[in-house]
Structures are given as structure tokens and as C-alpha cells.
């Protein structure tokens, strides 16, 4: 693996830093991270796995590889395989030859893709693992301490970007849910007043309209509110 210049290293970190404050969707963010990382590490394949905190499973979420075999949906438990081990121990791991390592799970795929050496680092935010990044070479390569430090820095920078993006998504979903509830409550109040219905009857009417018209309840509520405001004006 040829050495990347200090300028390309700084440029990569700057681009990921910019992504932290952007409005990219998570999938676009992940694709950007693996592409930038593969370029600066000059790796054949860079793969990013994210940890589901609930199931404690790591799932491959992004890679710049074009192979359909490598892009297939895969998951590993924490502690399972190289990726799971790195997530569990929270430490980088270098594999000189993946085909000879007993814990490496995808030997058939590695052989097909011509993968040889591998470095795997955890993605950390405040001592919490959120995922793992792997980089592979197609020839035998001894990863240096600088290589590992570079990838670890990128991984941790990326982890912040991912956590911020997920937080923004969660916040947006919560806000939308609260907005929907407010509108449904207001629509219920209108139906109770205008149609002389109980709260339960009003709710059931909104729900039935939602199913009949194949709209979500928020959309039905908005229609009720709009009709009421037009009637009042």
C-alpha cells in the first residue's frame, strides 16, 4: 500500500468534518466515508459495519467495492469473526493474510476478490463502539503504526458524523410524531364539537378514514382541520 501524503490525510479529515455539519442522509454519509477512506488508505476495499445496540449485531452498511458478492447483506455478533472481535475489544487488529487467519469468516469471498492483508479499527464515540471500519489490500502488506493511527482517526471522526446524523434523524422523527399527535388531537376536538362525538368515536372515525382513504392519520387530521378553518372563515 503506497503511502498517502499528509495533505491527502488532512483533506480526508476535513471532508469528513464537513460532512458532520451537512444535511446528508445516513446512507450517503456512509458511502462518502468509505470512499474517502479507501482513497486515503489506497485500499482495494473499505467496508463499514454499524453496530445495532439492541441486537448487538454488526451489519455491513457501506463499501466502495463494486462486487455484488461483497455488497450482500451480512451481519456478525459482537465477538464473532474479526469485525466482532474488534468491536468487543475496542482495539485495532491487523491480519497479515486473511486466508490464513482462523477467525476470518469470509475466506471464499476473500479468495475471489483477491484480498490479502487487512486492518480493522473500531469506530468510537466517548468509549462507546458504534461500528467498525475494515481496509483490505490485494498484496501482502505490513500495516504501520501510522497507517493504523490514520485509520483510527478517520474512524473516530466518522463515528461522530454518523452519531450526529442518526441523532438528527431521530430528532426529526420525534418532532414529526409530536406534530402528528397534536394535529390528531386537534382534529378529534373538532369532530367532538362539530359532530357531537365522544373522544373514542372521534378517534375511531379518523382511523377509519385513514384506512379507507389509504392516508396516514396525520393527513386525515390535517384535512379535517383545513375543512373546519375554511368553514369558519
Taking 0.36 nm per residue of sequence separation and subtracting the Cα-Cα distance, how much length would be gained by fully extending the chain between residue 177 and residue 91, in nm to one decimal?
27.1 nm
Out of 140, 210, 120, a Gaussian network model of the chain with alpha-carbon springs under 10 Å gives the largest mean-square fluctuation to 210
Order of 211, 29, 192 under a 10 Å beta carbon neighbour criterion, fewest first:
211, 192, 29
Structure-derived Cα extents along the principal axes in Å - corresponding label in [x] 47, 41, 39; [y] 78, 36, 32; [z] 41, 40, 33:
[y]
Percentage relative contact order, the chain, counting C-alpha pairs under 8 Å, at least six apart
17
Under a plain spin-label model, where a point goes 7 Å from the Cα along Cα-to-Cβ, how far apart in nm are residue 108 and residue 14?
4.6
Ranked by GNM mean-square fluctuation in the chain (Cα springs under 10 Å), the top entry among 221, 47, 38 is 221
If the chain between residue 195 and residue 227 were fully stretched, how many nm would it gain, using 0.36 nm times the residue separation less the Cα-Cα distance?
10.2 nm
Give me 144, 139 sorted ascending by neighbouring Cβ count inside 10 Å, so fewest comes first.
139, 144
Would you compute, from DSSP H runs of 4+ residues alone, the mean residue ellipticity of the chain at 222 nm, taking -39500 (n - 2.57) per run and dividing by the full residue count, rounded to the nearest 500?
-19000 deg cm²/dmol
With a Förster radius of 22 Å, plug the Cβ-Cβ distance of residue 74 and residue 145 into 1/(1 + (r/R0)^6) and report the FRET value to the nearest 0.05.
0.15
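No value in this document is a laboratory result; all are computed from the given coordinates. Bear in mind the structure is a predicted one, so any value in this text is a computation, not a measurement. Here the Cβ is made from the backbone with ideal geometry for all residues, glycine too, and neighbour counts use every protein chain on show.
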